[in-house]
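Just so it is clear, none of the values below were taken in a lab; they were calculated from the coordinates. Since the structure is predicted, the reported quantities are computational estimates derived from the model, not experimental observations. As a convention, Cβ positions derive from the backbone with ideal geometry for all residues, glycine included, and neighbour counts pool all protein chains shown.
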Amino acid sequence: MSATTLTPPGAVMTESRVERSSFSRDTGIVLMRELRPMLRDPFSLIFGLVQPIVFLALFGPLLGGSLAGSVPGGSVWQWFVPAILVMTALFGSSTVGSNLLYEMQTGAHERMLVTPLSRSSLLVGRALKEMVTLGAQAVLIVAVMVPFGLRLHPAGALLGLALLAVFGIGLGSLSYALAIAVRKQDWMFWVVQQTFLFPLMILSGMLLPLESGPGWMQVLSRFNPLTYIVDAERALFSGEIATATVGWGVVAAAATLAVGLAVGIRGMRRSGG
Amino acid sequence: MIHTEGLTKDFVVSRKETVHAVRGIDLDVAPGELVAILGPNGAGKTTTMRMLTTLLAPTSGSARVAGFDVVTQPGQVRRRIGYVGQGNGAGHNQRAADELYSQGVTYGLSRADSRRRAGELLDSLDLAGKAQRKVTDLSGGQRRRLDVAMGLMHAPPLLVLDEPSTGLDPQNRANLWEHITAMRTAFDITVLLTTHYLDEADSMAERVVVVDHGEVIADDTPDALKTQFAGDLLVVTTQEPDGAAQLARVVERWQGATEVTLTGTRISARIANGTTRVAELVHTADAAAVGLADVQVRRPTLDDVFLNLTGRSLRESGTENEEVAA
């Protein structure tokens with residue numbers, strides 16, 4: 001025991017310091033807390049980075065063989081790489097709720113709810129972690145794919161990533177809201193997540209072009225916000241910036257963010273019960 | 001430090017069923033006190049704690065914690081309390097020192113202060129060698145001490161602990177308590193905790209608030225509660241049954257004596273000031289030439305208090321009534 005060597009409480013805290021709190025500062029704290037275990041354990045980071053490359057390497061050639069010439073825009077990679085980035089964001093963001101579920105079970109989330117961190121930062125900070133990973137994955141994918149004929153349009157690509165970040169935070173927030181809603185029956189999380197994930201993915205024309213699909217699928221895809229994100233990403237990665245396709249993508253991403261934050265913050269406020 | 005008025009929480013379980021978890025609790029805790037809320041599972045202890053720590057909104061009534069209202073000023077309350085919940089506050093995939101550091105900056109400590117304070121607390125809670133360990137690699141007792149360290153990072157005036165020692169073996173419980181009392185002395189903090197361990201409330205708390213079915217049924221120091229609600233247990237064994245009968249008649253005439261029973265050579269009774277009374281009885285036996293074989297005076301336990309207050313033993317009750325939103 002060496003309790004006597006502790007700094008006296010007055011020296012630990014001063015009133016002015018205690019009262020300061022802001023969304024960006026809180027979000028930074030939550031984000032750094034989320035990133036730290038990953039930085040401490042580079043293996044998980046490396047696996048996370050390699051995953052989309054493996055998928056690209058295995059799925060891309062098949063796609064190239066079966067769709068040669070029929071892919072809109074001509075180049076298979078130009079069509080497929082942006083979609084893989086959206087898919088990576090989709091998988092990463094939609095599953096983040098499971099991390100929160102785990103921390104709700106262990107008690108860490110409850111402890112954080114009793115801190116002065118703003119409730120929105122608890123959502124956004126966590127969701128942003130996936131975006132940091134996504135940024136690293138994107139850099140790697142592009143670096144690997146450029147030698148195979150991917151044409152890089154830096155401005156479009158950066159905007160594409162920003163758009164994905166907006167979408168990802170929104171989707172991540174929805175994933176957290178789901179985790180909070182099913183916290184007493186945690187297996188429900190995966191049931192609901194999978195039920196939504198695959199239809200959304202297929203109906204976005206992400207992996208296979210919907211142009212060759214039946215009419216009803218094309219109609220349904222128009223009601224899928226992900227379709228507009230995928231289309232916008234393809235446009236941005238081909239260097240289009242000020243086009244209607246990109247504009248609709250921005251609308252879809254912003255709508256996802258708005259709905260996600262509204263539902264997520266409401267859930268976060270109630271998650272103490 | 002804490003002031004509640006008619007604090008109430010109802011949980012609507014279904015259209016037909018509402019659980020009244022907390023029914024109008026009035027509680028005052030002065031700065032510097034160490035108060036234990038004692039009660040069986042489902043008594044409303046945890047629900048009360050969750051309202052006081054801003055995790056749950058009360059159905060009605062009000063609570064001021066560290067000078068601020070838990071409903072209208074939750075941010076102010078949160079800045080001034082340290083909380084150790086029933087689970088592990090430290091994230092399981094985090095390292096001990098990292099979690100403490102995050103906790104520190106969360107409360108506005110600078111990075112350097114946060115690191116220094118984390119080191120100090122790890123030292124004083126005997127976790128210095130575990131700073132770089134993952135929380136999952138720590139033992140149950142170490143994790144619990146880390147949780148206490150997390151609650152103390154910002155040197156809050158009030159530390160709230162919800163069943164801090166549940167699940168720990170006796171040695172780790174004693175060790176945790178040693179640390180909590182040392183921290184309390186070092187920081188001059190107010191401590192509010194819940195427990196269902198009778199011996200713990202008895203030996204550690206300066207004041208025990210007994211809660212049952214969502215209501216406060218008694219509130220005093222452990223000693224006062226025992227004197228008021230239970231009395232000492234007196235057991236006297238004589239050498240001959242005749243002598244026992246003779247002494248039993250004396251005991252029966254004492255004012256305040258209850259549960260007077262005579263079985264063969266053994267007399268037992270409950271009475272306040274048992275030690276004084278037993279001296280009296282020995283004197284009486286001596287004067288009447290009644291030979292004594294054995295004399296015992298047992299201080300009552302808090303379980304005796306609970307039994308007298310509710311008609312149930314705290315050790316057995318509560319199992320059929322699981323706590324809502326635990």
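Among residues other than B:Phe306 whose Cβ falls under 10 Å from its Cβ, what is the net charge (Lys/Arg +1, Asp/Glu -1)?
Numbers: positive: B:Arg312, B:Arg315; negative: B:Asp212, B:Asp303, B:Asp304.
Its environment carries a net charge of -1.
Specify the residue with the greatest mean-square fluctuation among B:Ala128, B:Ala245, B:Ala57, computed from a Gaussian network of chain B linking alpha-carbon atoms under 10 Å apart.
Maximum fluctuation in the GNM of chain B, among the listed residues, is at B:Ala245.
Could you calculate the FRET efficiency of A:Met32 with B:Arg299 from 1/(1 + (r/R0)^6), where r is the beta carbon distance between them and R0 is 51 Å, rounded to 0.05?
On the way: r = 53 Å, r/R0 = 1.04.
So, using R0 = 51 Å, E works out to roughly 0.45.
Return the loop-located trypsin sites (Lys or Arg not before Pro) in the stretch A:122-215 (DSSP other than H, G, I, E, B) with at most 14 other Cβ atoms within 10 Å of their own Cβ; answer none if there are none.
Working: sites: A:Arg126, A:Lys129, A:Arg151, A:Arg183, A:Lys184; in loops: A:Arg151, A:Arg183, A:Lys184.
When the trypsin sites (Lys or Arg not before Pro) of the stretch A:122-215 are filtered for loop state and at most 14 Cβ neighbours within 10 Å, A:Arg151, A:Lys184 remain.
If you plug each phi of the stretch B:267-280 into the Karplus form 6.51 cos²θ - 1.76 cosθ + 1.60 with θ = phi - 60°, what whole-Hz ³J(HN,Hα) values come out, in order, with x for Gly and Pro?
Running phi through 6.51 cos²θ - 1.76 cosθ + 1.60 with θ = phi - 60° gives 10, 10, 7, 9, 7, 6, 6, x, 5, 5, 5, 5, 4, 4 Hz.
Kindly flag which residue pairs out of A:Lys129/B:Lys9; B:Lys45/B:Lys130; A:Lys184/B:Lys9; B:Lys9/B:Lys134 have an alpha-carbon separation exceeding 26 Å in this structure. Walk me through the intermediate numbers first.
Details: A:Lys129/B:Lys9 37 Å; B:Lys45/B:Lys130 32 Å; A:Lys184/B:Lys9 20 Å; B:Lys9/B:Lys134 37 Å.
Correct reply: A:Lys129/B:Lys9; B:Lys45/B:Lys130; B:Lys9/B:Lys134.
Return the long-range amide H neighbours of B:Tyr83 (sequence gap of 5 or more, or a different chain), with a cut-off of under 5 Å between placed amide H atoms.
B:Val160
Restricting things to Cα coordinates, could you compute the convex hull volume per residue of the stretch B:231-299 in Å³? The partial results should precede the final answer.
Values: hull volume 4.5 nm³, N = 69.
So the per-residue hull volume is 66 Å³.
For the pair B:Ser60 and A:Ala162, what calculated FRET efficiency results from E = 1/(1 + (r/R0)^6), where r is the Cβ-Cβ distance and R0 = 51 Å, to the nearest 0.05? Walk me through the numbers on the way to the answer.
Values: r = 47 Å, r/R0 = 0.93.
My answer for the efficiency is 0.60.
Give the long-range amide H neighbours of B:Asp188: residues separated by 5 or more places, or on another chain, with amide H under 5 Å away, using H modelled in the peptide plane at 1.01 Å from N.
So B:Asp188 has HN proximity to no qualifying residue.
At each listed q (0.11 Å⁻¹), what is the log10 of I(q)/I(0) that the Debye formula gives for the stretch A:23-270 modelled as equal alpha-carbon point scatterers?
-0.59
Mind checking the dipole of chain A: about its Cα centre, +1 per Lys or Arg Cβ, -1 per Asp or Glu Cβ, Debye to the nearest 20?
Working: 18 positive and 13 negative charges, 119 e Å.
Charge dipole of chain A: 580 debye, to the nearest 20.
Taking a label point 7 Å from the Cα of A:Asp186 along the Cα→Cβ vector, which residues of the stretch A:103-117 have an amide N closer than 14 Å to it?
Residues A:103-110 fall inside that zone.
If you take every residue apart from B:Ala269 with its C-beta less than 13 Å away from the C-beta of B:Ala269, what net charge results, scoring Lys and Arg +1 and Asp and Glu -1?
Details: positive: B:Arg249, B:Arg253, B:Arg266, B:Arg270, B:Arg277, B:Arg298; negative: B:Asp232, B:Glu252, B:Glu259, B:Glu280.
After counting each charged neighbour, the total is +2.
Rank the residues A:Tyr228, A:Tyr102 as a footprinting-exposure proxy: fewest other Cβ atoms within 10 Å of their Cβ go first. The partial results should precede the final answer.
Values: A:Tyr228 24, A:Tyr102 16.
Listed from fewest to most nearby Cβ atoms, that is A:Tyr102, A:Tyr228.
If I take R0 = 25 Å and measure r between the Cβ atoms of B:Asn273 and B:Ser203 in this structure, what FRET efficiency does the formula 1/(1 + (r/R0)^6) give, to the nearest 0.05?
Working: r = 22 Å, r/R0 = 0.88.
Working from the Cβ atoms, E equals 0.70.
Please order A:Leu56, B:Leu27, B:Leu225, A:Leu220 by the number of other Cβ within 10 Å, starting at the fewest. Before the final figure, lay out each step's value.
Numbers: A:Leu56 23, B:Leu27 19, B:Leu225 26, A:Leu220 16.
Ascending number of Cβ neighbours within 10 Å: A:Leu220, B:Leu27, A:Leu56, B:Leu225.
Hey, what D do you get for the stretch B:2-226 in µm²/s if you plug the Kirkwood alpha-carbon radius into Stokes-Einstein at 10 °C and 1.306 mPa s? Don't skip to the answer; put the middle values down first.
Numbers: Rh = 18.0 Å.
For these conditions, the coefficient is 88 µm²/s.
Among B:Ala289, B:Ala244, B:Asn273, which residue has its Cα furthest toward the positive end of the charge dipole of the stretch B:231-299, with +1 on Lys/Arg Cβ and -1 on Asp/Glu Cβ?
Of B:Ala289, B:Ala244, B:Asn273, it is B:Asn273.
For B:Ser14 and B:Ser110 in the same chain, what is the full-extension length gain: residue separation times 0.36 nm, less their Cα-Cα distance, in nm?
Working: separation 96, 0.36 × 96 = 34.56 nm, distance 4.75 nm.
The B:Ser14-B:Ser110 span can extend by a further 29.8 nm.
In whole Hz, with x marking every Gly and Pro, tabulate ³J(HN,Hα) for the stretch B:22-38 from phi via Karplus 6.51 cos²θ - 1.76 cosθ + 1.60, θ = phi - 60°.
Each residue of the stretch B:22-38 in turn: 10, 10, x, 8, 10, 9, 10, 10, 8, x, x, 6, 10, 10, 10, 9, 10 Hz.
For B:Leu138, B:Leu234, what's the fewest-to-most ordering of other Cβ within 10 Å of each Cβ?
Numbers: B:Leu138 19, B:Leu234 24.
Lowest count first: B:Leu138, B:Leu234.
Principal axis extents for the protein assembly as shown, Cα atoms only, whole Å, descending order, please.
118, 55, 41
Which order do peptides B:90-101, B:276-287 fall in by mean Cβ count within 10 Å, highest first? Show your work: numbers first, answer last.
Values: B:90-101: 23.4, B:276-287: 14.8.
Order by mean packing, descending: B:90-101, B:276-287.
In nm, give the distance between the simple-model label positions of A:Ser44 and A:Tyr102, each being 7 Å from the Cα along the Cα-to-Cβ direction.
Output for this residue pair reads 0.5 nm.
Can you give the mean number of other chain Cβ atoms that lie within 10 Å of the Cβ atoms in peptide B:81-89? Provide the component values of the computation, followed by the final result.
On the way: counts 2, 3, 5, 3, 7, 2, 9, 7, 9.
Per-residue shielding by partner chains comes out at 5.
What distance in nm separates the two pseudo spin-label positions at A:Arg266 and A:Ser238, each 7 Å out from Cα along the beta-carbon direction?
Simple spin-label model gives 3.9 nm for this pair.
With θ set to phi - 60° and the Karplus curve 6.51 cos²θ - 1.76 cosθ + 1.60, what are the ³J(HN,Hα) couplings of the stretch B:286-296 in order, to the nearest whole Hz, using x for Gly and Pro?
3J(HN,Hα) across the stretch B:286-296, in whole Hz: 4, 5, 8, 6, 8, x, 9, 9, 7, 9, 9.
Collect residues whose amide H, placed 1.01 Å from N in the peptide plane, falls under 5 Å from the amide H of B:Ala218; neighbours closer than 5 in sequence don't count.
Answer set, sorted by chain and number: B:Val210.
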